[in-house]
Amino acid sequence: MKVFISVDMEGISGLVRWADVSSSGIDFDRNRNLMTLDTNAAVDGAFAAGASEVVVEENHGVEDLCVLNMELIDPRCTVIRGAGRPGATTMAGLDGDVGVVLLVGHHGRAGSFPGVMAHTISYGGFKLVRLAGEPIGEPDFFARRAAELGIAIGMVSGDQVVAEQVSALCPWVETVIVKQAFANQSAQCIPPERARPMISAGARTAVLRAINGELSVLADVGGPYEFEVELRAPVGEAMRENLSSLEGFEIIDAAVVRVAAPDMDIGFRRVAYLGYADRPGVTRH
């Protein structure tokens, strides 16, 4: 079975503040290693369960999506990293050959409290992202895109908030809670050395359940989709001009843009585009 692992940074064991996940933070190099070792734990669990292939894809949007330490990564997997990937921004490796999706180091959706570093796609740019009127987070995008391809979400690791949110959408999911959020930048953390065996065990169980046909695929999924993105700053002239030339975007008011998409692949790309659409002449997404 081919296993797809999406790895983000905000939900990695031991990390609680924006400085922990920013390349300007004093501990960033160490924290990159923590991210890599949490990923390795999931890779190891997947192979222990009988995975034939594991594809890891970087989802953390700093340094052009190149954060994992490639010298430390488990050599049995392959890694998708860097900007300008085909398809949905950080789902290039999610295709119909995948048997199960594992979400490592993910975080709660925008507006969550006390979710550690909770946001949806762009903390600096987006105040809230809604789908059909309901707030959504990055795992929601992954779950729906996976379902369009007939694939289940098998595991999520992070704080209790993302675990609760993914479980509400996919009740069968294995949850690995590596920290209890107190606020958006504080938590009671399980030390990484103890958290990694938990992640490995969760991944192993999820892949075994997928192999045995015990996981479900999210039902009633399919486009077209309609999103509303509430921006932290009013729509500027550059964004207004860019959006006027593109299909699927409608400015609703000073700081809200409606996004339409035929499927979640296009939907993720269009919503993510709004995070950099304020640059003059930048229309690729």
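The values are calculated or read from the model by the stated rules, or taken from the named source; none is laboratory data. Since we're looking at a predicted model, the values are computed, not measured. For neighbour counting, all protein chains shown are included, and Cβ atoms are generated from backbone atoms with ideal geometry for every residue, glycine included. All accessible areas refer to the heavy atoms of the entire protein, side chains included, with ligands and DNA or RNA removed. Shrake-Rupley method; radii C 1.70, N 1.55, O 1.52, S 1.80 Å.
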- Note on the structure: Rounded to the nearest whole number, the Stokes-Einstein translational diffusion coefficient of the stretch 93-171 at 10 °C and 1.306 mPa s (Kirkwood radius, C-alpha pairs) in µm²/s is 124
- How big is D, in µm² s⁻¹, for the stretch 1-96 by Stokes-Einstein at 25 °C and 0.890 mPa s if Rh is the Kirkwood radius over C-alpha pairs? 180
- Query: Going out from 0 in 10 Å bins, what whole percent of all Cα-Cα distances in the stretch 204-285 drops into each bin?
  - Reply: 17, 40, 18, 14, 11, 0
- Roughly how many nanometres apart are two label points built 7 Å out from the Cα toward the Cβ at V62 and R232? 1.4
- Note on the structure: Diffusion coefficient in µm²/s returned for the stretch 84-132 by Stokes-Einstein, Kirkwood Rh over C-alpha pairs, 20 °C and 1.002 mPa s, is 165
- Item | Enclosed volume per residue, in Å³, of the convex hull spanned by Cα atoms of the stretch 29-177 | 122
- Item | Shape of the stretch 168-251, Cα gyration tensor, a/c cut at 1.5 | oblate
- Under a point spin-label approximation (7 Å from Cα along Cα-to-Cβ), what is the A92-A201 distance to one decimal in nm? 3.6
- Volume per residue that the Cα convex hull of the stretch 152-194 spans, once the total is divided by residue count, Å³: 68
- Query: With every protein chain left in place, what is the accessible area per residue of the stretch 140-208 in square angstrom, probe 1.4 Å?
  - Reply: 38
- Item | Gaussian network model of the chain, Cα within-10 Å springs - most flexible of R269, R194, R145 | R194
- Item | Gyration tensor (Cα) of the chain, equivalent ellipsoid semi-axes in angstrom | 29, 21, 17
- Segment R76-E250, length gained on full extension (0.36 nm per residue, minus Cα span): 58.2 nm
- Within the set S23, S157, S200, GNM on the chain using Cα springs under 10 Å gives the largest fluctuation to S23
